[in-house]
Structures are given as C-alpha cells and as structure tokens.
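Everything below concerns the one structure shown next.
Since every read-out is calculated from the coordinates, none of them should be taken as a lab result. Computed from a predicted model, the values in this text were never measured in an experiment. When we count neighbours, we look across all protein chains shown, and the Cβ atoms used for this are built from the backbone with ideal geometry, even at glycine.
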Amino acid sequence: MPGAPNVVVGLTSIQLSDVAGPSLIATSVTLSGPALNPRQRILLYDSDEWEEFIREWVTGLQQEYAQIKRMGGPGDRGADIAAFKTDQGFEGPWDCYQGKHYKDGLTFSDAAPEILKVLLGVLDGQYCMPDAYFFVAPRGCGIALNKLLSQPATLRTKFLTRLVAGDSLVASLSADRLREVRALAEQTDFSAFKSAEPFDVLSVHQRTQWHAARFGTSLAARPVAEVPPTAIDDKETRYVEQLISVYRERYPEDEINASSVQSHARTARHFQHQRERFYKAESLRMYARDSVPPGTFEKLQDDIYSGVVDSAMIDHETGWSRMHAVLEQASRLELQQHTLVAVSDQDDRKGICHQLANADRLIWIPDYE
C-alpha cells in the first residue's frame, strides 16, 4: 500500500480454513406466489449463507488469486474472506472481503469498527495491510458512506477524529495502543477501503458456475460441441477399444483395428457417430465446469449409470446388442431433476455412456462371455 508502514513482524498464528465448495442447491419445482429475483433473495440470507455467496462471487472476479480462505471463529480481525495473490498468504499481497448482512445500507458507524480491526490486525502482526478491503452488504453502502469511500483522504480524516480518548470506538484501547493505531492510520492509504455494491456483485456472480443453481435462473447458452479430430485422441483409448471389440465380434471375417475402423465399410459411419456422441458429452462436461456447481455433471453421469447398468448386466447374445440396449435405455431415462437436462439431448446421454465405457464402468463384452 502506498504510504503504509511495513509493520509485519512475527506474524501471529491465526485459524484459517479452506472454504468448502458450496453444496448443490436444490430449487423448488413449485413456487407459491411470484418468484423472488436474485436481488430480493440475498436479502433473506443469514450471515453464513451471505459469506458463502461472497466466496462464490470472488471466484468470478477478474483477479487471479492463488488461494481464497476464510478466517474461522469470531476473532476474524475484520476479514471474513481473505484472497491471497501469492503463496505467501498474509505475508504477501492480498485482498479482504468483509461481509455485513444488515437490514439497511452500511453507514460510517458500521465501517469504522471494521477499519479499526484491520489496523489492529496489522499492528499485532496478524497480516500485512490488504491491497483492497471491500465492504460487501446486500443493501450496499449508504449514500454517506459511499461518498466517503470515494474520497479516501476525507475518509481517513473522519476516521482520525474518532481516534481520541473517550470516543466509544476506541474505549477499550490503552493510551499507548491508541497512539499506535493513530500513527498507522495517518500513514495508511484509505483508498484501499471500497464498497462492493449489490448490482455489481450480482452481475459478476452471474458469470460464475454457482449462479443458475443458487437462483434458479436459466443456464447460459451452450457452445457448439467440438468435432472429433481425425486422429483418435489418447482420452478416447478405452471406449474405442471396446467399440473395436464389438465390431470384431460382429464382423469376425474382417480385419478391424484402430487403423482401419474409420475406413472400414461396415463400421466407419457407426464409429464416427459414436465418437461424435462422446465428444458431445465431453463438451457438456466442460460446459458444466464453468456453468454449474462442482459435482453436477458427475451426478448426471452417476444417475445415467444407475439407470442403464441393469440393462448392461443382463445376458445379451452379442456386445453389439448389449451396447445398443444400453444406449436406448439411456435415452428413455427420466432425468428432469438434473439442471443440465435443459441444455442436453439424447446424443449427450449416449455420449455419457461412452464416457462410462471409457472408464470401464460399462463393459460391452464382459470376460465371462
């Protein structure tokens, strides 16, 4: 920070915990009355859910963070979410996100104690001064506080007026401690303190993988699936091997292998179609990574597996009949509870079956046959 003294001496150990990825959020199928929009929903959160929402928002910011952590317990020293820019943690550059879930917009009286906590944390060697400190509240900052945050020198001057003996803000501080805080405040660039307004926060959150699941909104448009390359990729090895085994069983008189399967008269079109399905499912997997919470696509995979595995395990005369019975069963499954169904089709489902074959969860020609 420009003008901020280097007071990080002997960092004190503080309790940190990795922020767990938010769990999948189930949205109600039936709503009573008009649905709440995101701006209205965040007003109903408790403080824990608000912090979880802030963490999601931070992942969508145009800022590369080495790690995002949350300080545990009531002694957070003015930082709910700590976003580290390097692996040096609190000893290096970092940003602070302080959640305040109040019924009204924040005022200077709300902000001053939090600013004091940060200065005390720096003096105590808990961390160095953050590059940026954001107040994040569902109703944002009030007009007066927003104006102060836009005038860093004025904000510092107003804060310094509270650093006097007898003021309720510093009533618990000794005279020596008060002098230390004042000296640090006088040298601190108060442009670090900023507001994160609800409209801007929600606009960024909309770009994250959490937004659609949290607020029950429509998923973003899905890009066109990648066309399979001519050469078989390493990621396709196992399901392609299984397909070739099926072809060899079906056409025992022909020489079919990885080199000939794409040109063989009786397998080329079928093989290409299966590869297109596999790549379509892969595109859905990549889309899910950026559009829905972690585990959403894997849950869809697991439910498709559960829906087709019995069909795969019963006796079939050939691997060909087993494979096609499974693919047809996948197309008939009731999967409306899955978020991704809205942006997927039958070829995605059948491509997922090939993904499962690629992982040996589905076997077209079992060893016992």
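Residues C128, C141, arranged from fewest to most other Cβ atoms within 10 angstrom of their Cβ, appear as C128, C141. Placing unit charges on the Cβ atoms only, positive for Lys and Arg and negative for Asp and Glu, gives the chain a dipole magnitude near 1400 debye about its Cα centre.
Quick note on the chain: its Rg to Rh ratio, both from C-alpha atoms and Rh being the Kirkwood radius, is 1.16. Between the listed residues Y279, W50, I314, the Cα displaced farthest toward the positive end of the dipole of the chain, a dipole computed from Cβ unit charges relative to the Cα centre, is found at W50. Our helix-only sum for the chain, with -39,500 (n - 2.57) per DSSP H run of n ≥ 4 divided by its residues, gives a mean residue ellipticity at 222 nm of -13500 deg cm²/dmol.
Extension gain, F199-D104: 0.36 nm per intervening residue step, less the Cα-Cα distance, totals 32.6 nm. A crude spin-label estimate for the pair D234 and A144, with each label 7 Å from Cα along the Cβ direction, gives 6.4 nm. Look at where the Cα atoms of segment 290-305 and of segment 184-200 average out, and the two centres are 40 Å apart.
I need the calculated FRET efficiency for the pair L44 and D290, taking r as the beta carbon distance and R₀ as 35 Å, to the nearest 0.05.
Working: r = 27 Å, r/R0 = 0.78.
After rounding, the FRET efficiency stands at 0.80.
What lysines sit close enough to K85 to cross-link, taking a C-alpha to C-alpha distance under 29 Å and skipping anything fewer than 8 places away on the same chain? Filter leaves K69, K100, K117, K147, K194.
Which of the trypsin sites (Lys or Arg not before Pro) found in segment 97-130 are in a DSSP loop and have at most 12 neighbouring Cβ atoms, other than their own, within 10 Å?
Values: sites: K100, K103, K117; in loops: K100, K103.
Answer by residue number: K103.
Using 0.36 nm per residue and subtracting the Cα-Cα separation, the extra length available between H270 and E180 on full extension is 24.7 nm. Against the longest principal axis of the chain, how steep is helix 108-123, in degrees 0 to 90 to the nearest 10, with axes from Cα atoms? The angle comes out near 90 degrees. With both labels modelled 7 Å from their Cα along Cα-to-Cβ, the Q63 to V341 distance reads 4.0 nm.
So how tilted is helix 268-291 from the main axis of the chain? Cα-based, degrees 0 to 90, rounded to 10. Taking the Cα atoms of the chain, the angle to 268-291 is about 10 degrees. Using only Cα atoms and rounding to the nearest 10 degrees, what angle (0 to 90) does helix 346-358 make with the longest principal axis of the chain? Helix 346-358 sits at roughly 90 degrees to that axis. When the GluC sites (Glu not before Pro) in segment 190-265 are filtered for DSSP coil states and for at most 12 other beta-carbon atoms within 10 Å of their beta-carbon, the remaining sites are E226, E253, E255.
Ranking I143, T208, P130 by how far each Cα lies toward the positive end of the dipole of segment 16-215 (charges on Cβ) leaves I143 at the top.
Could you give the C-alpha radius of gyration of segment 234-358 expressed as a fraction of 2.2 N^0.38 Å, taking N as the number of residues it contains? Don't skip to the answer; put the middle values down first.
Details: Rg = 15.1 Å, N = 125, 2.2 N^0.38 = 13.8 Å.
Rg over 2.2 N^0.38 Å, computed on Cα atoms: 1.09.
At a Förster radius of 25 Å, what calculated FRET efficiency corresponds to the Cβ-Cβ distance of M313 and R250, to the nearest 0.05? Don't skip to the answer; put the middle values down first.
Numbers: r = 20 Å, r/R0 = 0.82.
Rounded to the nearest 0.05, the efficiency is 0.75.
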